[in-house]
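Contents: one structure, followed by commentary.
Only the coordinates and a few stated rules stand behind these numbers; no lab work does. A quick note: this is a predicted structure, and the numbers were derived from the prediction, not measured. All Cβ positions, glycine included, derive from the backbone under ideal geometry; neighbour counts span all protein chains shown.
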Amino acid sequence: MQNDPIPLIRARALWMRRTAFTMVHRAQLGHPGGDFSATDILATLYFGVMRHDPARPAWEDRDRFIMSKGHATGAIYTALCAAGYFPEDWLPSYMQNGSPLNGHPNRNYVPGVETNTGPLGHGFPVALGIAIAGQITGRDYRTYVLTGDGEQQEGSNWEAAMVAGHRRLANLTLIIDRNRLQQGAGTEETSGLDPLDKKYEAFGFEVQMVDGHDVSALLGALTAKGDRPRCIIANTVKGKGVSFMENVAKWHHGVPNDAEFAQAMAELV
Amino acid sequence: MSHAVEKAGLYDCRDAWVKTLCDLAAQDPRICAVVNDSVGSSKLGAFQKAYPERLINVGIAEQVMVGVGAGLANGGQVPFVSAASCFLTGRALEQVKADVSYAGFNVKLVGQSSGVAYAELGPTHHSIEDFAWLRPLKNITLIVPADPWEVEQAIRWAAAHEGPVYIRLSRMPVPALEIPGRVFTPGRATLARQGSDVTLIACGTVVHLAMTAAEELASEGLSARVLNMHTINPLDEAALHEASKTGAIVTVEEAHLRGGLGGAVAEFTASHKPVPVERLGFDGFQPTGDLAHLFARSGLTVAGIKAAARRAVARK
């Protein structure tokens, strides 16, 4: 890339966090903690990595991004909106009656959404199928899928990992949002995931650990290519960017009151 | 297999399935098959040999099998996801619901060895709940072919149709139906025999039994119409309106009594023109037994269907 994409990615990420929290505050519904841990990853993908065209969401050669942690709609909707897949005036309808912006994304409502997610452990298998389709057709698109870390407790991920490793699908990148918190507690006190890197290495992945809020590191990890499927363990902070939300489990689906909202907006600058 | 119906003039519908799929794949590079270590039980050996790169065997992993089907559709392919129907619809039900139906991907689900085809292997391997599980997923066209001709028609239609489909196949040998001039239109029942006293509505492996029952009933003075309801969703409501006019209905299916063809017909008649409906099928988990035993104990025989027809007529 000729121009340094990092300032744009950072600006988009800031807009996404402010906008997502505004949506959640208005709706008094949402999953802002996980939105914020994933925001920098999505901003990096959509504004620095992926080959895509918002004017042609069904373009056959587009890179695909699957938001397997479908509850983090504040992140995926703001990314798609910022990229131009749908107009900003949709955003206030978030989770309102009849809105296209459901609490979990629906590809038939929202351009740019690749598949419907919500139940955990679904996105990785679908991404695997997309990658296999690329292998069959010879199309050179890349497929990225983001799962939560708690989501890795779903067995379907490991079914998919076996197949991806077996087929050496180099066009597939799994990103794990490693914020170490699930709905009500830490992942390691619930059903421990570590050592996640060793597990994916054993399944045939090229594994890379990065700071999931370091855009420069993310850019490097997400653009790297190899001869095997890649697993990027993005170490993140749930609620990243708002002091009282960071690393606090209740912000998984906690929603702000007016004072909390005002404080968050003051911090997100 | 040790069941009574295995004799000359009977067909394993899987042969028509794989022949048709190979024919289609020869013309359309988007056609592919996804299996869960079920190449043999799906009889897909010939397909695998001809199109190895389009046969995706994910191993014994039904959730990822269905998810991969959705992903292949996203990538522009036309996947036929083929597995024993008990595992395809049971183990992977949430993937069928969310990834195929709700997401609306162009995935063809092919349930093999459905109903009680695995007989002695028991209820873990029976697939009699699949109609009840899939009927609420309204955008999945649910087809139950009754003989090799209908299998070929269904597979060809599914490949050309844009949208999710479930085709329920069996390994149980069945005769070729003799229905002159029939055409296959999904959602339109086939009138297999005209009749006015009662309507026998059947699907899949038991249609031929209903036709034989109607023939015998005719010689005994009862005029039974026979509908081959090869599509359970969408249901042919026009044919059901006509069936109601005969004043009595019998449903016959190799499936659970709750929520299947009989349930669908009863929902319709209760909401439109209530008439007596006798339902034949399985009332829950089945004991150890061969096909003939399991069919007989639930009245899925010519004699059982005739008796049900007389019960229905008596309730008019």
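Take the convex hull of the alpha carbons in the stretch B:190-314; its mean projected area over all directions comes to 6.9 nm². Over the stretch B:166-251, the ratio between the Cα radius of gyration and 2.2 N^0.38 Å evaluates to 1.05. What does the C-alpha gyration tensor say about the overall shape of the protein assembly as shown? Classify as rounded when a/c is under 1.5, otherwise prolate if a/b is larger than b/c, or oblate. Because a/c hits 1.5 or more and a/b exceeds b/c, the protein assembly as shown counts as prolate.
Here the Karplus curve 6.51 cos²θ - 1.76 cosθ + 1.60, taken at θ = phi - 60°, turns the phi angles of the stretch B:96-108 into couplings of 5, 5, 7, 7, 9, 6, 5, 6, x, 7, 7, 10, 9 Hz, with x standing for Gly and Pro. Legend: mean number of C-beta atoms from other chains within 10 angstrom of residue C-beta atoms, peptide B:140-152, equals 0. Taking the Cα centroid of the stretch B:258-273 and of the stretch A:249-269, what is the distance between the two, rounded to the nearest whole Å? Computed from Cα coordinates, the inter-centre distance equals 51 Å.
Along the axis of the charge dipole computed for chain B (Cβ charges of +1 for Lys and Arg, -1 for Asp and Glu, origin at the Cα centre), the listed residues B:G299, B:Q286, B:A309 are led at the positive end by B:A309. Relative to its Kirkwood radius, the Cα radius of gyration of the stretch B:3-175 gives an Rg/Rh of 0.94. Of the residues B:I140, A:I175, the one with the fewest other Cβ atoms within 10 Å heads the list, and the complete ranking is B:I140, A:I175. Note on the stretch B:240-279: Rg/Rh from Cα positions, Kirkwood definition for Rh, rounded to two decimals, is 0.94. Each of B:K273, A:K199, B:K97 was scored by other Cβ atoms within 10 Å of its Cβ. Arranged with the fewest first, they read B:K273, A:K199, B:K97. Label separation (B:R156 vs A:R10): 6.4 nm, computed from points 7 Å beyond Cα along the C-beta direction. Between A:S99 and B:S271, the simple spin-label model (points 7 angstrom out along Cα→Cβ) gives 3.1 nm. Computed packing ranks the peptides A:203-210, A:109-116 as A:109-116, A:203-210, most packed first, by mean other Cβ atoms within 10 Å. Note on the stretch A:6-267: lysine pairs with Cα distance below 26 Å, sequence gap of 8 or more or different chains, count 12.
Put in line by how crowded their Cβ is, counting other Cβ atoms within 10 Å and starting with the fewest, B:V275, A:V255, B:V144 read A:V255, B:V275, B:V144. Out of all Cα-Cα pairs in chain A, roughly what percent, to the nearest whole number, are more than 31 Å apart? Cα-Cα pairs in chain A separated by more than 31 Å: 19 percent.
Annotation for the stretch B:254-301: chymotrypsin sites (Phe, Trp or Tyr not before Pro) lying in DSSP loop with at most 14 further Cβ atoms inside 10 Å of their Cβ are B:F285. Taken residue by residue and averaged, Cβ atoms of other chains lying within 10 Å of the Cβ of A:133-143 number 4. Residue by residue, the stretch A:247-254 carries 3J(HN,Hα) couplings of 6, 10, 4, 5, 7, 4, 10, x Hz when phi is fed to the Karplus relation 6.51 cos²θ - 1.76 cosθ + 1.60 (θ = phi - 60°); x denotes Gly or Pro. For the residues of A:59-71, the average number of beta carbons from a partner chain within 10 Å of their own beta carbon is 1. Remark: the stretch B:74-150 is approximated by an ellipsoid whose semi-axes, taken from the C-alpha gyration tensor as √(5λ), come to 22, 15, 12 Å, largest first.
The mean of 1/r over all pairs of different alpha-carbon atoms in chain B, once inverted, gives a Kirkwood hydrodynamic radius of 19.4 Å. For the protein assembly as shown, a simple Cβ point-charge model (Lys and Arg +1, Asp and Glu -1, everything else neutral) yields a dipole of about 720 debye relative to the Cα centre. Annotation: amide H-H contacts under 5 Å for B:F282 (H modelled 1.01 Å from N, sequence separation of 5 or more, or interchain): B:A255, B:H256, B:L257. Taking Cα centre as origin and charging only the Cβ of basic (Lys, Arg, +1) and acidic (Asp, Glu, -1) residues, the dipole magnitude of chain B rounds to 440 debye. Rounded to the nearest 20 debye, the dipole size of the stretch A:1-115 about its Cα centre is 200 debye, using +1 on the Cβ of Lys and Arg and -1 on the Cβ of Asp and Glu.
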